[in-house]
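Enquirer: Just dropping this structure here.
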Amino acid sequence: GDWRLPGQFVYDNWDPLIHVVDYNPSTRELPGIRKPLPRPNLILGVLDFAYSPTQPGAAVVFHIWFKHPLDAATQGAFQRPLVIAVEDLEQCAEYDAYGWFKDISKLRFRHGVKYWRADPSKEEMLRLCRRFKSQKPAIGLVKAASKKDKVGRRNLFKALLQHDESNMPGFLVSSACETLPTQIATYKWKLDARRNSTSEPQTDDDHCIDCCCFMAPYAMRGSVGVPAVG
């Protein structure tokens, strides 16, 4: 039977059979699509910073199309983005700043990341990013992520997970991402003393998810409209 409590999962639209794909970032090929996707408008890296063995920080690289390249051209004014999470990186307590950015530099060169966004509440992260920007190899331009409230960021990401009549969502995850799908699938609302869902999610290990939420406002900015979130 279905053991889940009603509304327990934050992203209840998540379906690994739909959202996880064998995307090839070099050729931009998707399974079942006969021709490669056009070049993305933006290749964005997002960082969420932490030194903790129980809550490791994360970095995720995204390919972003401001207009969904697989949507029919007859949709008129309605326009939605497509985002593919290309690769994620999770770091634990033994990594110092140099170890962090050595691995992030590898991500940058592997995927051609020119722009990075970081947690706006972590000034330490932004300072470190800017310091490493002046070194070789630089990791690219670093700015704070959107300062929208957490609920707003979460709802934008939730909108990307929704799919249209053709079963095509606005957010896909490459099978090269090892951590992100697991975090999304297990991300639940906190329960109160009576085991009813609250409006606050559990935050045991959600840094890859936070990267998606920091990315979402930038993915939406070139779109005329986005799917409504119920």
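The values are calculated or read from the model by the stated rules, or taken from the named source; none is laboratory data. Not measured: the values here are computed from a predicted model. Cβ sites come from the backbone with ideal geometry, for glycine too, and all protein chains shown count toward neighbours. Just so you know, the surface numbers come from the protein's heavy atoms only, side chains and all, with ligands and any DNA or RNA stripped out. Shrake-Rupley method; radii C 1.70, N 1.55, O 1.52, S 1.80 Å.
Enquirer: Name the pairs: first residue in region 15-27 and without any contact (Cβ under 8 Å) to a residue 12 or more places away in the chain, second residue open to solvent by 50 Å² or more (accessible area, probe 1.4 Å) and part of a loop (DSSP other than H, G, I, E, B), Cβ to Cβ under 9 Å, at least 6 apart or on different chains?
Expert: N24/P36; T27/P36
Enquirer: For R28, which of the numbered conditions (1) at pLDDT 95 or above; (2) within 15 Å of the chain's Cα centre (by Cα); (3) open to solvent by 40 Å² or more (accessible area, probe 1.4 Å) fails to hold?
Expert: (2)
Enquirer: Let me ask something additional. Taking only region 122-136 into account, find how many residues are at pLDDT 70 or above and open to solvent by 60 Å² or more (accessible area, probe 1.4 Å).
Expert: Qualifying residue count for the region: 6.
Enquirer: Let me ask something else about it. Kindly indicate which of L70, L44, L17 is part of a strand (DSSP E or B), on the phi < 0 side of the Ramachandran plot and either over 15 Å from the mean Cα position of the chain (by Cα) or not β-branched (V, I, T) (or both).
Expert: Details: L70 fails: part of a strand (DSSP E or B); L17 fails: part of a strand (DSSP E or B).
The match here is L44.
Enquirer: Could I ask something else about it? Select from region 137-179 the residues that are aliphatic (A, V, I, L, M) and at pLDDT below 90 and list them in ascending order.
Expert: A138, I139, L141, V142, A144, A145, V151, L156, A159, M168, listed by residue number.
Enquirer: Against the condition at pLDDT 90 or above, in a loop (DSSP other than H, G, I, E, B), polar (S, T, N, Q) and open to solvent by 30 Å² or more (accessible area, probe 1.4 Å), how does T54 come out, does it pass? Step through it out loud before you land on a result.
Expert: On the way: at pLDDT 90 or above: no; in a loop (DSSP other than H, G, I, E, B): yes; polar (S, T, N, Q): yes; open to solvent by 30 Å² or more (accessible area, probe 1.4 Å): yes.
The answer is no for T54.
Enquirer: Pull up region 185-216, narrow it to residues that are over 25 Å from L44 (Cβ atoms), within 19 Å of the chain's Cα centre (by Cα) and charged (D, E, K, R), then point me to the one that is modelled with the lowest pLDDT.
Expert: Only one residue fits best here, namely D204.
Enquirer: Which of the numbered conditions does T182 fail, given that it passes all the others? Conditions: (1) assigned to a helix (DSSP H, G or I); (2) of a type in the set (V, I, T); (3) modelled with pLDDT under 90.
Expert: Looking at each condition in turn, T182 falls short on (3).
Enquirer: Let me ask something else. Pairs only if they're at least six apart or on different chains, beta carbon under 7 angstrom, first in region 32-51 and without any contact (Cβ under 8 Å) to a residue 60 or more places away in the chain, second open to solvent by 70 Å² or more (accessible area, probe 1.4 Å); list them, first residue then second.
Expert: From residues that are without any contact (Cβ under 8 Å) to a residue 60 or more places away in the chain, the pairs are P36/E29.
Enquirer: Scan region 80-106 for residues that are crowded, with 20+ Cβ neighbours inside 10 Å and either among the aromatic types (F, W, Y) or not in a strand (DSSP E or B) (or both) and report the count.
Expert: 5
Enquirer: Here's a follow-up. Within region 97-112, can one find any residue that is at pLDDT 90 or above and of a type in the set (V, I, T)?
Expert: no
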